[in-house]
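The values are calculated or read from the model by the stated rules, or taken from the named source; none is laboratory data. Because the structure is predicted, anything quoted here is derived from the model rather than measured. Quick reminder, even Gly has a Cβ in these numbers, built from the backbone with ideal geometry, and neighbours come from all protein chains shown. When the accessible area is computed, the model is the full protein with side chains, heavy atoms only, and any ligands, DNA or RNA have been set aside. Shrake-Rupley method; radii C 1.70, N 1.55, O 1.52, S 1.80 Å.
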Amino acid sequence: MKNRLQTLMEKGPKPLLSIYYTAGFPTLDATIPLAEFLEQQGVDSLEIGFPFSDPLADGPLIQASSSQAIENGMTLSVLFEQLKNLRDRVTIPVVLMGYLNPVLQMGEIAFLEACAQVGVDGVLLPDLPLDYFEKKLKIHYERLGIAPIFLITPETAEARIREIDRLSEGFMYQVASNSITGSEASLIAQTAYFERIAAMQLRNPCLTGFGIHNRETFELATTYSRGAIVGSAFIKQLQAQEGDWEKLVPFLNQFRNKELIL
C-alpha cells in the first residue's frame, strides 16, 4: 500500500516544493503550527529536522536552528509528543530528517514505530549505513509503511546510485553539490550531474536540495528532477520574520510562480 509520499510523487507534472525546517525552532511549540501554515501556502511536502548537536551535513543556518531548538527543549520524545496531533491538522507528506545518534539512543525500532504511529511518511538519516539498513532495518520500514530516503551526490558512483535506488522508496534526495547545506555554489555548474542522473531512468524520482534559495534555482533544479527542497533559505527567512509568518508568504510564492515575489 502506497503512503502519502509515494502517492504525491505520482501526481501531475507540477514541480514539487518541499520545505525543510527544524522542529522546535524558532520556538519549542512551533512545529505543528508551522506545518499547518506551510500546507496552507501550497507546500507539497515537509521535511522536519530533529536537532542534533553535531549535524555533519548542515550549514551554519541549520546548525544554529538546531542549537536553538535544543536550547528550547526539543528532543525526540518531545517531538513525537507534538506529532501526536499531526494528522488531525496536516494532510501533506512529512519526512523526518536527522542523524543516527539520537535514533540509536531511542532504539531504531522504537523510533520507526513512533514515526508510523504519528503518521510520518518517510525518514532520512544521512549517516545511516546502507548495508546496516538493508540487513537490520529494511524489514521494519516495510512493515510500518515508512519510506526510507537516501542521499546521492555528484560524487556518488553509478553502481552506488543504482543500489540506493533499489533500496529507496518515495524519492531520492539529490544533493546539488558537495558543499554543506546553505552553500551558494552555482547550480548551473551541476547541470551535467543533473542530466546524468536523469538519463539513468531510475525507479525513484529525485528531489533536489542544497542551494535552492530562489525562483531561479528552483526552476533549474526542477528542470531535471521531480521537485526541490528549500531548507537553509527558509530557515533564514523564518528567523528574520520573528514570528510573523505572514511575512513568509512572498518568499514561498516565488516557488509557485505567483505574482507576489520578493
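Compared with the rule-of-thumb size 2.2 N^0.38 Å for a compact globular protein, the range 1-141 has a Cα radius of gyration ratio of 1.02. Taking only protein heavy atoms and a 1.4 Å probe, the accessible area of the range 75-220 is 51% carbon and sulfur. Accessible area per residue was computed with a 1.4 Å probe on protein heavy atoms; residue 115 scores about 0 Å². Summarised in one figure, the compactness ratio Rg/Rh of the range 9-68, Cα atoms and Kirkwood Rh, is 1.04. Remark: relative contact order (the chain) = 20 percent; criterion is Cα-Cα distance under 8 angstrom and separation of 6 or more residues.
Here residue 44 sits with roughly 20 square angstrom of accessible surface, probe radius 1.4 Å.
Once the Cα-Cα distance is subtracted from the 0.36 nm per residue extended length, the residue 166 to residue 101 segment shows a gain of 20.9 nm. Annotation: extensible slack from residue 223 through residue 88 equals 45.2 nm (criterion: 0.36 nm per residue apart, minus Cα-Cα distance). Considered as an equivalent ellipsoid built on the Cα gyration tensor, the range 116-255 has semi-axes of 27, 21, 12 Å, the largest given first. 3J(HN,Hα) along the range 95-102, derived from phi through the Karplus expression 6.51 cos²θ - 1.76 cosθ + 1.60 where θ = phi - 60°, amounts to 10, 8, 10, x, 10, 5, 4, x Hz, with x in place of Gly and Pro. Under the simplified labelling scheme, the residue 70-residue 142 pair shows an inter-label distance of 3.6 nm, with each label point 7 Å from Cα along Cα→Cβ. How high is the FRET efficiency from residue 239 to residue 10, r the C-beta distance, R0 30 Å, rounded to 0.05? That gives a FRET efficiency of 0.30.
In the full protein context, the chain carries 44 Å² of accessible surface per residue, based on a 1.4 Å probe and ignoring ligands, DNA and RNA.
For residue 97, the residues whose modelled amide H falls within less than 5 Å of its own, excluding neighbours fewer than 5 places apart on the same chain, are 48, 49, 50, 124. Calculated from the structure, Cα Rg over 2.2 N^0.38 Å equals which of (1) 0.93; (2) 1.01; (3) 1.16? Looking at Cα Rg over 2.2 N^0.38 Å for this model, the match is (1).
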